[in-house]
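The values are calculated or read from the model by the stated rules, or taken from the named source; none is laboratory data. All values derive from a computational prediction rather than experimental measurement. Glycine gets a Cβ as well: all are built from the backbone with ideal geometry, and neighbour counts include every protein chain shown.
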Ligand SMILES: [Fe+2]
């Protein structure tokens, strides 16, 4: 470990070296599982193939806290916060963005199958060429003057969300030499309890970059990784207009008692 | 049977055009009679400032009431919603303008819940920012009592001469902040020292 370059933009290692590190960590996890170690349902904070994590993951165990009142609640969002127009990322400028128009839809649930209604969903992404509207993204792919790549949605009474966008492309980064991220849409989500807060990324089925991507592979558990991949859903596709993807999101469990849940 | 949770992924380096919003760091205006500044710097394991972190606070109001009002994203200047968000600047520094939370339960010390997101952080980290001025309450708080004494100061903000609250976040290192886990909140650290 001593010789790993901690500069996250060093692009020092080869893909083969990164892939070998990933498969060693996955094998280690699978062997531990076979001997009764707990299932890892999220991504590892300490995952050295993702070089940016080296100096930024906690080195000590997380300290157990019993949730107090503030942790048992989340901020409220409503139509003062989010306009319905923010759910269409293709109408934010004078013209149509370039790319494959898609609808992404699904449900926001908690671990006990309860839908999370009237809660804020934020999404952001690169354009159809893999370029972000962000001053630090300077790689040579075109900006689309008709696409910013930011949306906001409130879940409905049944916990459902839906938005219209352009399918993002993969993009290069400097974690290692010739590194490419799997195509993804970033999601930020709230539950009923602040302890359910999560930021994550949704992926598209069949991406050839999955195996090579240390961010995606920082989830050591194969079944857990697949939970980030949307399904193509033809019922969301519309004649001569868009294709569709369905992705349900499951938050951690609420720590409220049933009566506290009901009064919301 | 419970559903398995969706795993987290890093907020990445490119959230600056998407997640911050106007007034996100200003839970009350600076002219509010009880306005206080909560600020500090986020550091990595080499003690270098982290320039691409995003912080959120979520807190009770001055009387210990948990806000239920909407409107954080478009503040009206009057309603206290209890939630704020800000990116750090290029020197890793953040600043919120807010009021000090009251205690929500007798016998516990009041705190801001602080959530940290960053490039390099595969999942969000939670910590609590306690107020420094009530040593008696701090000593009596059951959660603080559960934290080893040596690490307890990482959870307590400091009051400067102007009355501001200072709270630095150390992701690693000698002064590594105590980060929290909760029941039913899956989080995977990977190998740790203790
Ligand atoms: Fe991204």
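Checked against (1) in contact (Cβ under 8 Å) with a residue 24 or more places away in the chain; (2) away from the ligand (no atom under 11 Å from the Cβ); (3) within 12 Å of chain B (Cβ to nearest Cβ), residue A:186 passes all but condition (2).
Screening segment A:198-218 for residues that are out of contact with any strand residue (DSSP E or B) (no Cβ under 6 Å at 6 or more places or on another chain) and more than 16 Å from the ligand (Cβ to nearest atom) and picking the one that is farthest from residue A:168 (Cα to Cα) gives A:211.
Filter segment A:174-183 down to the residues that are buried (at least 19 other Cβ atoms within 10 Å of the Cβ) and more than 10 Å from chain B (Cβ to nearest Cβ) and list them by number. Once the filter is applied, which keeps residues that are buried (at least 19 other Cβ atoms within 10 Å of the Cβ) and more than 10 Å from chain B (Cβ to nearest Cβ), segment A:174-183 yields A:175, A:176, A:179, A:182, A:183.
Only one entry in B:137, B:177 is more than 7 Å from every other protein chain (Cβ to nearest Cβ) and assigned to a helix (DSSP H, G or I), namely B:137. Any residue at all in segment A:78-86 that's away from the ligand (no atom under 16 Å from the Cβ), at the interface with chain B (Cβ under 10 Å from one of its Cβ atoms), under 20 Å from the mean Cα position of the chain (by Cα) and closer than 29 Å to residue B:2 by Cα? The answer is no, given that none of the residues of segment A:78-86 is away from the ligand (no atom under 16 Å from the Cβ), at the interface with chain B (Cβ under 10 Å from one of its Cβ atoms), under 20 Å from the mean Cα position of the chain (by Cα) and closer than 29 Å to residue B:2 by Cα.
The residues of segment A:162-173 that are away from every other protein chain (no Cβ under 13 Å) and crowded, with 20+ Cβ neighbours inside 10 Å amount to a single one, A:166. Scanning segment B:88-132 for residues that are outside any loop (DSSP other than H, G, I, E, B) and farther than 17 Å from residue B:37 by Cβ gives B:113, B:115, B:116, B:117, B:118, B:125, B:126, B:127, B:128. Taken over segment A:133-151, the criterion of being crowded, with 22+ Cβ neighbours inside 10 Å and either away from the ligand (no atom under 12 Å from the Cβ) or at pLDDT below 95 (or both) is satisfied by A:147, A:151. Pairs linking a residue in segment B:70-83 that is at the interface with chain A (Cβ under 7 Å from one of its Cβ atoms) to a residue that is at pLDDT below 95, with Cβ atoms under 6 Å and 6 or more positions apart or on different chains, are B:70/A:80; B:71/A:80; B:74/A:80. Out of B:45, B:12, one residue alone is touching a residue at least 12 places away in the same chain (Cβ under 8 Å), within 16 Å of the ligand (Cβ to nearest atom) and either over 21 Å from residue A:185 (Cβ atoms) or crowded, with 16+ Cβ neighbours inside 10 Å (or both). It is B:12. Look at (1) part of a strand (DSSP E or B); (2) away from the ligand (no atom under 16 Å from the Cβ); (3) closer than 27 Å to residue B:189 by Cβ and you find that residue B:39 fails only one, number (3).
For residue B:28, the test of being under 14 Å from residue B:171 (Cβ atoms) and either part of a loop (DSSP other than H, G, I, E, B) or more than 9 Å from every other protein chain (Cβ to nearest Cβ) (or both) is failed. If I filter segment A:118-128 for residues that are out of contact with any strand residue (DSSP E or B) (no Cβ under 6 Å at 6 or more places or on another chain) and within 16 Å of the ligand (Cβ to nearest atom), do I get at least one hit? Looking for residues that are out of contact with any strand residue (DSSP E or B) (no Cβ under 6 Å at 6 or more places or on another chain) and within 16 Å of the ligand (Cβ to nearest atom), one finds at least one in segment A:118-128, hence yes.
When B:18, B:60 are screened for being part of a loop (DSSP other than H, G, I, E, B), facing another protein chain (nearest Cβ under 8 Å) and more than 30 Å from residue A:214 (Cβ to Cβ), only B:60 passes.
Among the residues of segment A:106-161, those that are facing chain B (nearest Cβ under 10 Å) and in contact with a helix residue (DSSP H, G or I) (Cβ under 7 Å, 6 or more places away or on another chain) comprise A:110, A:151, A:152.
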